[in-house]
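Notes follow once the structure below has been shown.
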Amino acid sequence: MTSRAKRRTLVGWVVSDRMDKTIGVRIDRKVVHPVYAKVLNLSKPLKAHDEKEEAEIGDKVVLMETRPLSKTKCWRLVEILESSARRQIQATAKGGEEEMREYQKVGLKEKAEADASSAPSGEAKS
């Protein structure tokens, strides 16, 4: 019996998890333009099979090539490298939550000032 060929694996970010047992993944890569030598950031959307429905939006995942499972789905989820929830916990541990609160306070103050300045007053401006 012959062994299977080595299957391709890709690393990408989950951009959609609304489908049943399917995730949308964005694969990013950098390519140098052959004439202008500019580095281009290219991305390609893929659909992958997630049997346990464990991946969430923002997760960094590893995909492996498989037989076609549907018209557009021929990849499957192998593992989750980095969870979006884990990144949020790490940011909170590093003081990121305090910084977010400060930004929210500043944003609320600016919004209140904008609302006050745009509110109609009793006098007509001339």
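No value in this document is a laboratory result; all are computed from the given coordinates. Keep in mind it's a predicted model, so treat the numbers as computed, not measured. Reconstructed Cβ throughout: ideal geometry from the backbone, glycine too, with neighbour counts over all protein chains shown.
Each 10 Å bin from 0 upward holds the following percent of the Cα-Cα pairs of region 9-82: 21, 49, 19, 10, 1. For the listed peptides 37-44, 50-57, a ranking on the average number of other beta carbons within 10 Å per residue, highest first, reads 50-57, 37-44.
Counting 0.36 nm for each residue step from Ser83 to Val31 and taking away their Cα separation leaves a gain of 16.0 nm. Pairs with C-alpha atoms separated by more than 24 Å, drawn from the list Lys21/Lys60; Lys6/Lys38; Lys30/Lys71; Lys30/Lys60; Lys6/Lys47, are Lys6/Lys38; Lys30/Lys71.
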